[in-house]
1. Here is a check on your reading of the model: is THR114 among the polar types (S, T, N, Q), open to solvent by less than 10 Å² (accessible area, probe 1.4 Å) and under 17 Å from LYS164 (Cα atoms)?
2. Does segment 67-92 hold any residues that are modelled with pLDDT of 95 or more and in a loop (DSSP other than H, G, I, E, B), and which are they?
3. Suppose we keep only residues that are of a type outside the set (A, V, I, L, M) and surrounded by 13 or more Cβ atoms within 10 Å (Cβ to Cβ) within segment 31-43. Which one would you say is nearest to THR65 (Cα to Cα)?
4. If we keep just the residues of segment 10-47 that are among the hydrophobic types (A, V, I, L, M, F, W, C) and part of a loop (DSSP other than H, G, I, E, B), which is modelled with the highest pLDDT?
Amino acid sequence: MMLTNTAGEYPKKMPIGVYDKNILCDECEKIFGVWDEYAQQLLTDEPLHGEPILYGTQCIGWRVTEYDYTRLKLFFISLLWRASVSKQDFYRKVNLGSFEEKAKELIAQKNPGTSEEFGVTLAKFDHPLSSAMLDPHPEKFSTVNYYRFYLASYVAYIKVDKRKAPEPLSDFLLKEGQPLIIIGRDFTNSAELQLIRRIVKK
């Protein structure tokens with residue numbers, strides 16, 4: 001289920017991911033489909049090939065050593081670009097501005113770019129209710145510009161800035177040849193849970 005905090009809008013069921021018939025040609029859909037399918041297979045309830053990172057008995061994250069950096073990174077770049085050019089109200093807060101052309105170029109070349117180009121840090125909530133998808137939105141970390149996307153129980157922080165990723169996000173940046181580290185987040189004490197409560201009470 002996708003949820004929005006837009007006034008007058010109510011919770012509704014929608015397909016997971018970005019779909020807008022106005023931007024998807026047959027060829028584009030084939031390209032994006034490969035990346036979408038890969039992300040869907042990898043980012044399951046328990047990350048595919050994921051090894052829990054424990055602090056005592058508490059799971060504080062996951063380490064994934066077997067994954068395809070190119071396909072996963074291009075999924076996130078294409079997700080960001082599709083949201084930016086979409087006319088759907090759900091994605092109204094996503095506007096890449098001058099970065100839109102760069103994202104389109106990387107997609108056309110099937111080039112995931114460097115770890116800092118549209119840098120991605122992933123987190124995951126630990127509760128079944130976290131599968132609700134909230135609106136993607138811009139935010140800043142140490143003045144560096146990011147967009148936050150919700151993908152079922154996962155949260156993707158995608159950098160849209162020429163400056164380097166700040167700590168601590170830089171410590172968990174998606175990097176080619178390096179394990180994918182997914183940060184564990186506590187949903188019951190999160191701001192997202194409070195927002196979902198307000199939305200469903202509308």
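The values are calculated or read from the model by the stated rules, or taken from the named source; none is laboratory data. Quick caveat, the model's predicted, so the values are computed rather than measured. For neighbour counting, all protein chains shown are included, and Cβ atoms are generated from backbone atoms with ideal geometry for every residue, glycine included. All accessible areas refer to the heavy atoms of the entire protein, side chains included, with ligands and DNA or RNA removed. Shrake-Rupley method; radii C 1.70, N 1.55, O 1.52, S 1.80 Å.
1. no
2. Result: TYR67, ASP68.
3. TYR38
4. Top of the filtered list is LEU43.
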